[in-house]
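Undergrad: For reference, the structure I am asking about is given below.
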Amino acid sequence: MSETVLLDLEPVLLERVRRFAATKGWSQPAALVHLIEHGLFACEPDAPAGFDDTDAHILQEAIAALEKVEDDPGFSLIGRIATADD
């Protein structure tokens, strides 16, 4: 890992990384990689999700195909909500 990353951290944050690394018996670079990976996993769900045009088109085609499955007493009823007419 680049020394620049370590030098650009605020001293308080760097000390927290040092303490974390020490408790795990890891090097500072290993601790930083772990913390960045887990921090990203924690933050990624907050990022807006979306599909590009190709993905959206494929998903729309798949949904349209599934909507054409005929009703039967079994498989095609999975996930459907019963209505008063049923």
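Undergrad: I need the full set of residues from segment 25-34 which are surrounded by 11 or more Cβ atoms within 10 Å (Cβ to Cβ) and not β-branched (Val, Ile, Thr), in order please.
TA: Selection gives TRP26, SER27, GLN28, PRO29, ALA30, ALA31, LEU32, HIS34.
Undergrad: Another question, if that's okay. Are there any pairs, at least 6 apart or on different chains, whose C-beta atoms fall under 9 Å, with the first in segment 37-61 and closer than 30 Å to VAL17 by Cβ and the second modelled with pLDDT of 85 or more, and if so, which?
TA: none
The values are calculated or read from the model by the stated rules, or taken from the named source; none is laboratory data. Owing to the predicted nature of the structure, the values given are computational and were not obtained by experimental measurement. Reconstructed Cβ throughout: ideal geometry from the backbone, glycine too, with neighbour counts over all protein chains shown.
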